[in-house]
Amino acid sequence: MEKIIIAAVAKNGVIGNEGKIPWSCKAELQHFKNATCGFPIVMGRKTWEAIGSPLKNRINIVLSKSLAQKEAGNDFHVFTSLKDAFKFCESQNYTKCFIIGGAQVYSSVFDFADKLIISEMKFEVVGDAYFPKYEKEDWSELSVEDFAEFTIHTYIRKEKLKEC
């Protein structure tokens with residue numbers, strides 16, 4: 001199963017401010033929806049709370065030590081570890097799983113990620129949550145798509161490229 005980090009990142013690395021995305025960009029949200037529809041999305045508790053309700057046409061998975069699985073319904077699942085979340089996705093025969101944030105979850109999944117889909121916003125914003133620094137030399141760029149407010153960069157881990 002392919003583990004994919006998907007994120008929108010301001011020029012200065014910001015991904016959030018006070019529990020929210022600090023910009024509004026319909027085209028980027030549409031890209032996110034198109035990429036993730038039909039697949040599991042994994043997020044931390046804070047991202048889950050910021051979204052406010054399950055995203056439709058996706059298996060919503062929340063990583064949390066404070067939320068209980070009994071609070072989950074048919075529209076979302078709770079796991080205490082990435083390992084358990086990925087095991088669940090594999091048991092359901094998904095070919096892809098998207099990691100959608102936040103900063104802490106992104107940091108903890110970099111060692112497991114196969115692909116990055118980064119929407120680089122063309123502006124800076126004030127924020128308190130940042131996308132983690134990563135070694136670009138570990139990744140090969142597969143594609144670049146330019147839009148008015150952002151550019152989508154898709155990367156694959158170099159060791160995965162050798163397997164293809």
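Structure data summary
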read-out	value
Which of Ala85, Thr47, Ile15, positive extreme of dipole for the chain (C-beta unit charges)	Ala85
Ser140, Ser64, Ser81, Ser119 arranged by Cβ crowding within 10 Å, fewest neighbours leading	Ser81, Ser140, Ser64, Ser119
Subset of Lys11/Lys56; Lys115/Lys158; Lys115/Lys136 violating a 20 Å alpha-carbon distance limit	Lys11/Lys56
Packing-based exposure ordering (other Cβ within 10 Å, fewest first) of Tyr134, Tyr155	Tyr134, Tyr155
Spin-label model distance (nm) - Lys11 vs Leu29, 7 Å beyond Cα toward Cβ	2.4 nm
Tyr130 long-range amide H proximity, modeled H, under 5 Å	Ile15
Antiparallel bridge percentage (DSSP; both residues within the chain; nearest 5)	45 percent
Charge dipole (debye, nearest 20) of the chain; +1 at Cβ of Lys and Arg, -1 at Cβ of Asp and Glu	400 debye
Neighbour count of at most 14 Cβ within 10 Å plus DSSP loop: longest trypsin sites (Lys or Arg not before Pro)-free window in the chain	66-121
Residue pairs, from the table Lys26/Lys46; Lys20/Lys83; Lys33/Lys122; Lys87/Lys122, whose Cα atoms sit over 31 Å apart	Lys87/Lys122
Most fluctuating residue given options Thr154, Thr36, Thr95, as computed from a GNM of the chain linking Cα atoms under 10 Å	Thr95
Choice from Asp75, Asp138, Asp84 with maximal GNM fluctuation in the chain (Cα, 10 Å cutoff)	Asp138
Local net charge near Pro40, Cβ-Cβ under 9 Å (Lys/Arg +1, Asp/Glu -1)	+2
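Each value in this text was obtained by applying a stated rule to the coordinates, not by laboratory testing. The structure displayed is predicted, hence computed values, not measured ones. Heads up, the Cβs are rebuilt from the backbone with ideal geometry, glycines too, and the neighbour counts pull from every protein chain shown.
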